[in-house]
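The values are calculated or read from the model by the stated rules, or taken from the named source; none is laboratory data. Quantities reported herein were computed from a predicted structural model and do not represent experimental measurements. Cβ atoms come from the backbone with ideal geometry, glycine included; neighbour counts cover every protein chain shown. Surface accessibility is based on the protein's heavy atoms, side chains included, excluding ligands, DNA and RNA. Shrake-Rupley method; radii C 1.70, N 1.55, O 1.52, S 1.80 Å.
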Amino acid sequence: VQLVEFGGGSVQAGGSLTLSCTASGFTSGDYAIGWFRQAPGKERDFVAAISRGGGTSDYADSVKGRFTISRDNAKNTVYLQMNSLKPEDTASYYCVAGNTVIPSRLRYVQDYWGQGTQVTVSS
């Protein structure tokens with residue numbers, strides 16, 4: 001079982017990045033998948049999640065209106081489009097899969113984690 005993140009990097013404030021997460025070793029379409037992030041010295045926080053079929057999503061208040069999560073089950077891939085990035089978005093971003101029907105429940109139900117990808121936003 002593996003979740004591999006791609007797309008991290010450095011960007012100036014106001015810029016955009018797209019993260020992707022590719023799943024292997026399990027049927028990703030059976031799981032809600034989302035993203036958490038962790039900044040240095042801080043706890044790991046929920047960012048966004050999307051339901052198994054992609055019809056429902058949930059976001060942390062801090063990213064609503066700026067980030068968009070989507071998925072392509074045929075490619076076993078989930079995407080996180082991040083726009084209007086702020087320095088406070090700087091963190092390691094982790095892809096997570098959870099066996100739950102409701103994407104918001106991914107805050108509490110996590111079965112698989114990726115290794116993380118770094119996003120750095122400079123002012």
Somewhere in the range 88-102, is a residue β-branched (Val, Ile, Thr) and either touching a helix residue (DSSP H, G or I) at 6+ places or on another chain (Cβ under 7 Å) or in a strand (DSSP E or B) (or both)?
yes
Looking only at the range 1-10, how many residues end up being open to solvent by 30 Å² or more (accessible area, probe 1.4 Å) and under 19 Å from residue 66 (Cβ atoms)?
3
When residues of the range 72-81 are limited to those that are open to solvent by less than 60 Å² (accessible area, probe 1.4 Å) and among the aliphatic types (A, V, I, L, M), the one farthest from residue 18 (Cα to Cα)
78
Test for residue 115: is it surrounded by 16 or more Cβ atoms within 10 Å (Cβ to Cβ), in a loop (DSSP other than H, G, I, E, B), at pLDDT 95 or above and of a type in the set (S, T, N, Q)
no
Within the range 82-102, of all residues that are open to solvent by 10 Å² or more (accessible area, probe 1.4 Å) and in contact with a Gly (Cβ under 9 Å, 6 or more places away or on another chain), the one nearest to residue 4 (Cα to Cα) is 94
Subset of the range 26-71 (residues that are crowded, with 20+ Cβ neighbours inside 10 Å, free of Cβ contacts under 8 Å to residues at least 60 places away in the same chain and either part of a strand (DSSP E or B) or aromatic (Phe, Trp, Tyr) (or both))
47, 48, 49, 50, 58, 59, 67, 69, 71
